């Protein structure tokens with residue numbers, strides 16, 4: 001009964017928050033700052049069209065859903081490089097996660113990650129609209145994440161973020177956090193949620209803007225008739241500063257060594273498209289036998305934009 005009540009309360013909170021964020025989004029398109037926080041991380045999730053909130057099963061959970069860290073079985077290190085929409089936007093994501101034992105022998109996973117993003121070639125202008133040359137922005141977020149297993153089927157997670165932004169010399173700092181939830185009533189069925197970037201406004205000089213608050217809801221299903229190597233997922237994004245987005249994708253692992261991924265996402269009315277991706281896993285030899293390396297690649301093709309490419313590497317040990 002307690003579990004039913006808890007799930008019911010969580011569902012009510014989701015519905016209220018979803019309605020609130022969607023209502024704000026209609027009036028605040030483009031009104032937030034630190035937009036680099038909203039750039040999805042990881043080539044594996046990107047290949048699935050960004051449908052990863054409930055299907056997350058690796059260190060990518062640091063960005064997608066901190067509760068998903070509970071699925072890690074070993075230590076993992078992740079590096080992601082992203083070229084986003086135009087060549088002048090360059091992003092890096094580095095993460096490390098390690099399972100531990102928490103209070104009353106419940107499983108707990110702790111992780112640290114950092115987001116580095118810079119944009120060059122911005123046409124800078126002063127208050128009178130006079131050009132002052134090209135500007136560059138530098139963005140950083142240092143993140144501590146933790147996940148705790150409440151029951152064999154339920155986990156929660158939190159990510160605490162220290163955010164800094166330098167917009168051509170105008171600097172600002174703030175704190176924020178993500179709140180994640182993962183529920184797996186069966187081995188082949190999962191539901192997930194991540195409420196991202198909860199925190200105060202970020203102020204640069206005399207201007208204060210909201211962070212890109214976003215509610216992510218996800219569903220993942222593994223068809224039992226196809227074995228354990230296939231999964232299909234659907235995510236819904238309800239951002240503060242844009243339209244509701246929908247993501248869907250499928251992943252298939254052949255012999256647990258090669259993955260093929262396809263996906264489709266509609267982020268907004270002028271940004272939708274498909275994605276394709278591949279993944280490769282290999283283990284070391286001899287004393288390095290316990291080290292497993294996974295390399296993922298994804299290409300995203302959007303209407304009105306040139307294709308973008310992502311590559312990431314996960315090392316497990």
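For the range 278-317, a residue qualifies if it is farther than 19 Å from residue 76 by Cβ and modelled with pLDDT of 95 or more, and exactly one does: 278.
For the range 196-208, filtering for residues that are at pLDDT below 90 and touching a strand residue (DSSP E or B) at 6+ places or on another chain (Cβ under 6 Å) leaves 3. On the stretch given as the range 253-268, residues that are in contact (Cβ under 8 Å) with a residue 24 or more places away in the chain and either under 17 Å from the mean Cα position of the chain (by Cα) or over 30 Å from residue 200 (Cβ atoms) (or both) total 11. Close contacts from the range 157-178, counting a first residue that is in a loop (DSSP other than H, G, I, E, B) and a second that is surrounded by 16 or more Cβ atoms within 10 Å (Cβ to Cβ) and at pLDDT 95 or above, with Cβ to Cβ under 7 Å and a gap of 6+ residues or different chains, come to none at all.
Answer yes or no: is there a residue in the range 281-293 that is in contact with a helix residue (DSSP H, G or I) (Cβ under 9 Å, 6 or more places away or on another chain) and either in a strand (DSSP E or B) or closer than 18 Å to residue 56 by Cα (or both). No, the conditions are met nowhere in the range 281-293. Here is the figure for the range 246-263: residues that are surrounded by fewer than 23 Cβ atoms within 10 Å (Cβ to Cβ) and part of a strand (DSSP E or B) total 10. Kindly indicate the residue of the range 197-245 that is part of a loop (DSSP other than H, G, I, E, B) and over 30 Å from residue 167 (Cβ atoms) and also farthest from the chain's Cα centre (by Cα) among those meeting that condition. Among those that are part of a loop (DSSP other than H, G, I, E, B) and over 30 Å from residue 167 (Cβ atoms), it is 227.
The values are calculated or read from the model by the stated rules, or taken from the named source; none is laboratory data. Here the structure is a predicted model, which is why all the values come from computation and not from measurement. As a convention, Cβ positions derive from the backbone with ideal geometry for all residues, glycine included, and neighbour counts pool all protein chains shown.
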